[in-house]
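Visitor: This is the structure I want to talk about, given as structure tokens.
Values quoted throughout were computed directly from the atomic coordinates according to the rules given, and no laboratory measurement underlies them. Note that this is a predicted model, so its numbers are computed, not measured. All Cβ positions, glycine included, derive from the backbone under ideal geometry; neighbour counts span all protein chains shown.
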Amino acid sequence: LANKKFHPDPTTVKVGNTSIGPGNLTIMAGPCAVETQDQLFTIARAVKEAGATILRGGAYKPRTSPYSFQGLEEEGLKYMQEAKAETGLSTICEVVSLDAIEAAVKYVDMIQIGARNMQNFILLKEAGQSGLPVLLKRGLCATIDEWLNAAEYIIAEGNPNVVLCERGIRTFETATRNTLDLSAVPVLQERTHLPVIVDPSHSTGSYKYVAPMAKAAVACNADGLMIEVHNDPAHALSDGPQSLTFDRFAALTSELSPYCQLV
Ligand code: PEP
Ligand code: MN
């Protein structure tokens, strides 16, 4: 179902009042984690102003340590819904369980399956049954073939609205958090009709490398970008070092604006 051989035309996935697909660059941006209502609203307004069309914000955080901030859960989803009402941005939130999916369908426009859950096949099936479009991130150690099979799990449940997100893979290199595999973009575009976006934030782990990798992703013909933005990266509850300030984000989007949807 994901294979281009049987579905040659590229798919466009509708997300709230916007869409992801060929012909324009969709920018998703927002904090790693929803921290407070105020923080989310401040960031939502700034990313909207700079040209993002989808607000990201994690309410269920799959953290490496159980002692790190785990997310506001349903309260965070409510803030996402309010931020949408306030700004008109469409919204996406990661889900980590069936409970989270059931909550997310009430509040957001798209759900995200994170890298750590890419082969959680039960979760993939439940995401396929949710009725919401799904952003499927590449697993840390997943081949492109395994990733496409994970997409197949979602589509096989009757949900064709899947977007793939390259977010870096684990290699021997330690200078960046992960290694951004940009060659995955043209490989996927040859093999699947699904939209492909790139996350230069989680792949590099450092705000300094986000802009060059975002521009490289656009040069590879990616359909969109997911970028972490924070009002105060030094005090962010998660992923501060890779988060762009409002100024840095706006500088990047102004360079990318010729490729973006005019809203
Ligand atoms: C995220 O987008 O918040 C996230 C945790 O990303 P990943 O699953 O790619 O690590
Ligand atoms: Mn993050």
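Visitor: Give the relative contact order (percent, whole number) for region 189-263; include only Cα pairs under 8 Å separated by 6+ residues.
Guide: Computed value for region 189-263: 28 percent relative contact order.
Visitor: Just rank His230, His7, fewest to most, by other beta-carbon atoms within 10 angstrom.
Guide: Final ranking by Cβ density, sparse to dense: His7, His230.
Visitor: Once fully extended, how much extra length lies between Lys4 and Glu190, figured as 0.36 nm per residue of separation less the alpha-carbon to alpha-carbon distance?
Guide: This chain segment gains 66.2 nm when fully extended.
Visitor: Can I ask one more? Based on the mean of other Cβ atoms within 10 Å per residue, sort peptides 49-58, 91-100, 32-41 so the most packed one is first.
Guide: Descending mean neighbour count gives 49-58, 91-100, 32-41.
Visitor: Could I ask something else about it? Kindly provide the helix-only [θ] at 222 nm of the chain, computed as the sum of -39,500 (n - 2.57) over DSSP H runs of four or more divided by all residues, to the nearest 500 deg cm²/dmol?
Guide: Value at 222 nm, helices only, nearest 500: -11000 deg cm²/dmol.
Visitor: Taking Cα centroids, how far is region 130-209 from region 12-44 in Å?
Guide: Between the Cα centres of region 130-209 and region 12-44 lies a distance of 17 Å.
Visitor: Moving on. For Phe6, Phe249, what's the fewest-to-most ordering of other Cβ within 10 Å of each Cβ?
Guide: Exposure proxy ranking, most exposed first: Phe6, Phe249.
Visitor: Relative contact order (percent) for the chain, with alpha-carbon contacts under 8 angstrom and 6 or more residues of separation?
Guide: That works out to 22 percent.
Visitor: Net charge near Thr87: determine it from the other residues with C-beta under 10 Å of the C-beta of Thr87, scoring Lys and Arg +1 and Asp and Glu -1.
Guide: So the environment of Thr87 carries a net charge of 0.
Visitor: If one computes P(r) from the Cα atoms of region 134-221, what percent of pairs lie at distances over 18 Å?
Guide: 41 percent
Visitor: While we're on this one: Report the gain in length on full extension from Cys220 to Asp38: 0.36 nm times residue separation, minus Cα-Cα distance, nm rounded to one decimal.
Guide: Full extension from Cys220 to Asp38 adds 61.9 nm.
Visitor: Excluding Lys5 itself, calculate the net charge of residues whose Cβ lies under 15 Å from the Cβ of Lys5, where each Lys or Arg counts +1 and each Asp or Glu counts -1.
Guide: Residues close to Lys5 contribute a combined charge of -2.
Visitor: Then there is this: Rounded, prolate or oblate for region 57-177? Axes are the square roots of the Cα gyration tensor eigenvalues, ordered a ≥ b ≥ c, and the cut-off for rounded is a/c under 1.5.
Guide: It is oblate, given that a/c is not under 1.5 and a/b is not larger than b/c.
Visitor: log₁₀ I(q)/I(0) of region 27-77 at q = 0.14, 0.22, 0.25 Å⁻¹, via Debye over equal Cα point scatterers, no solvent, to two decimals?
Guide: Calculated log10 I(q)/I(0) at the listed q: -0.36, -0.76, -0.90.
Visitor: Express the relative contact order of region 129-263 as a whole percentage, based on alpha carbon pairs under 8 Å and six or more residues apart in sequence.
Guide: Relative contact order for region 129-263 comes out at 18 percent.
Visitor: If the chain between Glu86 and Lys106 were fully stretched, how many nm would it gain, using 0.36 nm times the residue separation less the Cα-Cα distance?
Guide: Computed gain between Glu86 and Lys106 is 5.5 nm.
Visitor: Mind checking which lysines have their Cα closer than 21 Å to the Cα of Lys48? Skip sequence neighbours fewer than 8 apart in that chain.
Guide: Lys14, Lys78, Lys84, Lys215
Visitor: Return the FRET efficiency for the residue pair His235, Gln129: r is the Cβ-Cβ distance, R0 is 41 Å, and the value is rounded to the nearest 0.05.
Guide: 0.60
Visitor: Which net charge results for the neighbourhood of Leu164, defined as the other residues with beta-carbon distances under 14 angstrom from its beta-carbon, given Lys and Arg at +1 and Asp and Glu at -1?
Guide: Net charge around Leu164: -3.
Visitor: Treating the Cα atoms of region 4-256 as identical point scatterers in vacuum, please give the log10 of the normalised Debye intensity I(q)/I(0) at q = 0.09, 0.14, 0.17 Å⁻¹, two decimals.
Guide: -0.33, -0.86, -1.36
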